[in-house]
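Undergrad: Dropping the structure in here first, questions after.
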Amino acid sequence: MNERYFVLVAAVVLVVAVAGGIVAASDDGADDETVDDWRPDVPDVRDVEEPAGDGVATVDGQEFDSAQAAVDAAEAGDTVVLEGQFEERVTVDTPGVTLEAAERDGAVIDGGEEGTVVEIRADDVTLENVWIRNSGYDKNVDDSGVLVNGSDATLSALRVTDVAFGVWIGDVDGATVEDTLIAGREDVETSQRGNGIHLWETTDAELRNNAITTVRDGIYYQWAEGVHAEGNAMWDMRYGVHYMYSNDNVLEDNVAFDNDVGYALMVSYELTMRDNVAANNDGTSGHGILLKDVEDSTVVGNELVGNGNGLYVYNAQDNRLADNLLLENDVGVHITAGSSGEVVTGNSFIANDEAAFAETNSQTSWNDTDRGNYWADARPVDVDGDGIGDTRYRPAGTVERLVHERPQAAAFAESPAFDAVRMAESSFPVLESPGIVDQRPLAEPAHDNWRDYYEDHDH
């Protein structure tokens, strides 16, 4: 009999006599309610009336029936105003040009399912209020709605539909994409689609208040640094956000829902991720936030709701995981592959099927001196009223590991005997077994808004 199961048997013998009357308290959760139907208020990216009439492009008082002809006639600082429908592809080579419709969706540029619809090659170009659609299908040559190869470009209030890549931003600085709607092709398999916004060796980009759906990954970072993404919504795709080799970036106040994974952050360091929502991301991988080979980063104030794993931490080192809400996930936090050095504090674990699981042969101790986390199953005793439980808590100990490895044992997970084991592991340090220990569990939830996910389904 190995050490883990010896601890299990010994703990039952020690405590079952005094704990026989204990029954598992229900999570401080929502009983029979569920967050499955929660959905934020997002726009219908395809609900739009087409502009009427053939296209007319005006620059400096002169009218053209081709957007490209008007752009070619424009000088630095000129504004080309579009209205109606254009069936062509456009390249902007002149710096400082603005290409816009007078009102949102007031003009459409249709690429005829060939190549890239609008390519920006010059610096300081602005593209605004235009509906861009029907790029080519070839991802190998980056067929896109908009391809940006000029620095300090501004893309504002666009609608980009039926494209391979939505917006591709190359090795440039200072691009801005804001208030833009992006939707790929519904009749193309997810794995064969391009990304909504693709950042390739991009620096200091600003991505604000965009809505992205029906693509492969919503925002894809590849060797991109100094990017601030705020207020974006991503749904019905593989990964809402996907980082690869991209350091010193900020994700703030975004929402990713109904995807395979909400936020997949990989092989990057010095990231800041705060006040984001990951909800009902429960596909094959099923993570709210994935941290894989991520170092020296901050994940704080996020709400991880109804995912497979709220937070999946894989070979991640020296990160701060603080003040996050983990609500009704299959597993609140799953730590594996030698992850270490994490500071885990101020998080609220409520109504998760399994609050935490650690694949480790050693004991991981959280919060020796800092405040701990709230665990709905902990039933902490706080005699001195300082908000901190008087005994440590084992959210991932012998019972959780046994159930994880032998799912048939789940039928007994809330039995008085198993509850006694948990009590023993929390109360008697001599019973040390692999798993997670929270030294200073909180007596009350650190979040008072978790019931909002049940009161209505409009966040």
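Undergrad: If you scan the range 59-78, which residues turn out to be of a type in the set (A, V, I, L, M, F, W, C) and without any contact (Cβ under 8 Å) to a residue 12 or more places away in the chain? Let's see the steps before the verdict.
TA: Just the residues of the range 59-78 that are of a type in the set (A, V, I, L, M, F, W, C), to begin with: 59, 64, 67, 69-71, 73-74, 76.
Scanning the range 59-78 gives a single hit, F64.
Undergrad: Looking at M266, is it assigned to a strand (DSSP E or B), hydrophobic (A, V, I, L, M, F, W, C), in contact (Cβ under 8 Å) with a residue 12 or more places away in the chain and closer than 19 Å to W200 by Cα? Before you say what the answer is, go through the steps one by one.
TA: Values: assigned to a strand (DSSP E or B): yes; hydrophobic (A, V, I, L, M, F, W, C): yes; in contact (Cβ under 8 Å) with a residue 12 or more places away in the chain: yes; closer than 19 Å to W200 by Cα: yes.
Here the answer is yes, as M266 does meet what is asked.
Undergrad: Consider only pairs whose beta carbons are under 7 Å apart and that are at least six residues apart or on different chains; among these, list those whose first residue lies in the range 298-315 and is within 12 Å of N276 (Cβ to Cβ) and whose second residue is part of a loop (DSSP other than H, G, I, E, B) and among the aliphatic types (A, V, I, L, M).
TA: Final answer for the pair search is V305/V35.
Undergrad: Further question: What's the number of the only condition in (1) of a type in the set (V, I, T); (2) surrounded by 23 or more Cβ atoms within 10 Å (Cβ to Cβ); (3) closer than 22 Å to D105 by Cα that T176 fails to meet?
TA: Among (1) of a type in the set (V, I, T); (2) surrounded by 23 or more Cβ atoms within 10 Å (Cβ to Cβ); (3) closer than 22 Å to D105 by Cα, T176 violates only (2).
Undergrad: I want to confirm something. Restricting to the range 18-74 and keeping residues that are among the polar types (S, T, N, Q) and in a loop (DSSP other than H, G, I, E, B), which single residue is modelled with the lowest pLDDT?
TA: Selected residue: S26.
Undergrad: Within the range 225-263, can you find the residues that are farther than 15 Å from T284 by Cβ, free of Cβ contacts under 8 Å to residues at least 60 places away in the same chain, of a type in the set (A, V, I, L, M, F, W, C) and not in a loop (DSSP other than H, G, I, E, B)?
TA: Residues satisfying the conditions are A229, M234, V241, M244, V250, L251, A256.
Undergrad: Can you find a residue that is surrounded by 22 or more Cβ atoms within 10 Å (Cβ to Cβ) and in a helix (DSSP H, G or I) anywhere in the range 78-93?
TA: no
Undergrad: For the range 276-336, please list each of the strands (runs of 3 or more DSSP E) lying entirely inside it that holds at least 1 residues being more than 14 Å from the chain's Cα centre (by Cα) and within 17 Å of Y239 (Cβ to Cβ). Walk me through it before giving the result.
TA: On the way: elements: 277-279, 287-295, 298-300, 303-305, 309-314, 320-322, 325-327, 331-336.
Output list reads 287-295, 309-314.
Undergrad: Now for a different question. Go through the range 216-248 and count every residue that is buried (at least 24 other Cβ atoms within 10 Å of the Cβ) and polar (S, T, N, Q).
TA: Counting residues in the range 216-248 that are buried (at least 24 other Cβ atoms within 10 Å of the Cβ) and polar (S, T, N, Q) gives 2.
Undergrad: Continuing with this model, one more query. Kindly check whether there is at least one residue in the range 118-128 that is buried (at least 22 other Cβ atoms within 10 Å of the Cβ), in contact (Cβ under 8 Å) with a residue 24 or more places away in the chain and charged (D, E, K, R). So that I can check it myself, show each step before the final result.
TA: As a first pass, look at the range 118-128 and keep what is buried (at least 22 other Cβ atoms within 10 Å of the Cβ): 118, 120, 125, 127.
Now restrict to residues that are in contact (Cβ under 8 Å) with a residue 24 or more places away in the chain: 118, 120, 125, 127.
So of that shortlist, the ones also charged (D, E, K, R) come out as none.
No, there is no match, as no residue in the range 118-128 is buried (at least 22 other Cβ atoms within 10 Å of the Cβ), in contact (Cβ under 8 Å) with a residue 24 or more places away in the chain and charged (D, E, K, R).
Undergrad: Which residue pairs have Cβ atoms under 9 Å apart, sit 6 or more places apart or on different chains, and have a first residue in the range 334-346 that is over 18 Å from Q439 (Cβ atoms) and modelled with pLDDT of 90 or more and a second that is among the aliphatic types (A, V, I, L, M) and part of a loop (DSSP other than H, G, I, E, B)?
TA: A337/A316; S339/A316
Undergrad: If we only count helices (runs of 4 or more DSSP H) wholly inside the range 348-456, which ones have 1 or more residues that are under 33 Å from the mean Cα position of the chain (by Cα), closer than 24 Å to T34 by Cα and at pLDDT below 65? Before you say what the answer is, go through the steps one by one.
TA: Working: elements: 398-405, 416-427, 452-455.
Ranges flagged: 398-405.
Undergrad: Enumerate the pairs (first residue in the range 367-380 and within 22 Å of R451 (Cα to Cα); second residue anywhere and at pLDDT below 85 and assigned to a loop (DSSP other than H, G, I, E, B)) with beta-carbon separation below 6 Å, excluding pairs fewer than 6 apart on the same chain, so at least 6 apart or on different chains.
TA: A376/D27; A376/D28; R379/A25
The values are calculated or read from the model by the stated rules, or taken from the named source; none is laboratory data. For clarity, every value in this text was computed on a predicted model and none was experimentally measured. All Cβ positions, even for glycine, are placed from backbone atoms using ideal geometry, and neighbour counts span all protein chains on display.
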